[in-house]
Amino acid sequence: MVQTSTGSLLLNEPLARYTSWRVGGPAERLYIPAGLEDLRGFLSSLDKQEPLVFIGLGSNLLVRDAGVRGTVVLMHAALTGLRMDDKQVFAEAGVTCAKLAKFAARQHLHGAEFMAGIPGTVGGALAMNAGCHGGETWDVVQQVLTLDRQGECMCVSVRSLKLLTVM
Ligand SMILES: Cc1cc2nc3c(=O)[nH]c(=O)nc-3n(C[C@H](O)[C@H](O)[C@H](O)COP(=O)(O)OP(=O)(O)OC[C@H]3O[C@@H](n4cnc5c(N)ncnc54)[C@H](O)[C@@H]3O)c2cc1C
């Protein structure tokens, strides 16, 4: 393991350790960020041609035995910020859906109950539009903070995303 200033970089790390089915060959590089700022710095330091994949809880992934070329970023247990502000819940991508559902219920907020049944992270739920019991992730999201390969953050409202889709 290579300790960077904050996050951890593991070389040839078997991805079977990070998927629900416990299968999958090694990632050339697996990075576990130590928070958003650290991830921003890491992404901006990567070669622009470097293949890059994100993993949440690995519950919707089948990784081949040959593994993954390039860099895999593990979000689960890495970006875990969860807070409430003005009747809105702010959850970082590595928070589990079950934890988010429980947190929202404790704040007497309705709408995220279905997330208790999804064995994934918030990032994975957004990527897959995970849903069950009649609820869907994107139906309960108001805005997302995206991060690009330059480490730049952008706050996007779901309303503007929908407009982009129909244009
Ligand atoms: C037993 C079981 C029950 C399930 N039940 C349901 C169900 O009821 N409803 C349902 O919808 N799904 C269900 N699933 C599927 C799975 O749990 C969901 O798709 C879940 O949203 C995956 O989240 P994850 O964090 O595990 O994502 P992963 O499996 O880690 O990744 C899935 C995809 O999302 C991408 N991704 C993950 N995090 C990020 C991120 N931060 N940024 C960008 N891309 C990202 C990955 O690259 C990958 O393409 C179930 C799975 C299992 C094993």
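Each reported figure results from applying straightforward, stated rules to the coordinates on display, with no laboratory input. All figures in this text were calculated on a predicted structure; none of them were measured in a lab. Note that we place each Cβ from the backbone using ideal geometry, even for glycine, and neighbour counts take in every protein chain shown.
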Handout entry: Shape call, segment 2-74: gyration tensor on alpha carbons, a/c limit 1.5
Key = prolate
Practice task
Enumerate the whole-percent occupancy of each 5 Å bin, from 0 to the last occupied one, for all C-alpha pair distances of the chain.
Solution key: 2, 8, 16, 20, 19, 16, 11, 6, 2, 0
Practice task
Using only Cα atoms, find the angle between the long axis of helix 36-45 and the longest principal axis of the chain, and express it within 0 to 90 degrees, rounded to the nearest 10.
Solution key: 40 degrees
Handout entry: Under 19 Å from the Cα of Lys99 - aspartates and glutamates, other chains or at least 8 residues apart
Key = Asp85, Glu113, Glu136, Asp139
Handout entry: Where trypsin sites (Lys or Arg not before Pro) in DSSP loops with at most 15 other Cβ within 10 Å are excluded, longest remaining stretch of the chain
Key = 88-148
Handout entry: Length released on extending from Asp148 to Lys48, taking residue separation times 0.36 nm less the Cα-Cα span
Key = 34.9 nm
Handout entry: Structure-based [θ]222 nm, the chain - -39500 (n - 2.57) summed over DSSP H runs of at least 4, per residue, nearest 500
Key = -6000 deg cm²/dmol
Handout entry: Among Leu147, Pro14, Gly70 the positive-end extreme of the charge dipole of the chain (Cβ point charges)
Key = Pro14
Problem - Spin-label zone in segment 36-69 - amide nitrogen under 18 Å from a point set 7 Å from the Cα of Val156 along the C-beta vector - result: 40, 52-55
Fill in the blank from the handout: Cross-link reach from Lys102 to lysines, straight Cα distance under 24 Å and at least 8 residues apart if same chain, gives Lys87
Completion exercise
Taking a crude spin-label model, label points 7 Å out from Cα along the C-beta direction, the Ala66 to Glu113 distance in nm is 4.7 nm
Problem - Pair Trp21, Glu37: separation of 7 Å Cα→Cβ label points (nm) - result: 4.0 nm
Completion exercise
When Asp65, Asp38, Asp86 are arranged by how many other beta-carbons sit within 10 Å of their Cβ, fewest first, they go Asp86, Asp65, Asp38
Completion exercise
Ranked on Cβ counts within 10 Å of their own Cβ, fewest leading, Met128, Met154 go Met154, Met128
Problem - Sparse-neighbour loop sites [chymotrypsin sites (Phe, Trp or Tyr not before Pro); segment 1-85; at most 12 other C-beta within 10 Å; DSSP] - result: Trp21
Exercise for the section: Would you mind calculating the gained length between Asn129 and Ala105 on full extension (0.36 nm times residue separation, minus the Cα-Cα distance), in nm to one decimal? Expected result: 6.6 nm
Problem - Fluctuation leader among Val156, Val89, Val141 - the chain, Gaussian network, Cα springs under 10 angstrom - result: Val156
Practice task
Name the residue, out of Gln150, Gln107, Gln49, whose mean-square fluctuation peaks in a Gaussian network model built on the chain with Cα pairs under 10 Å.
Solution key: Gln49
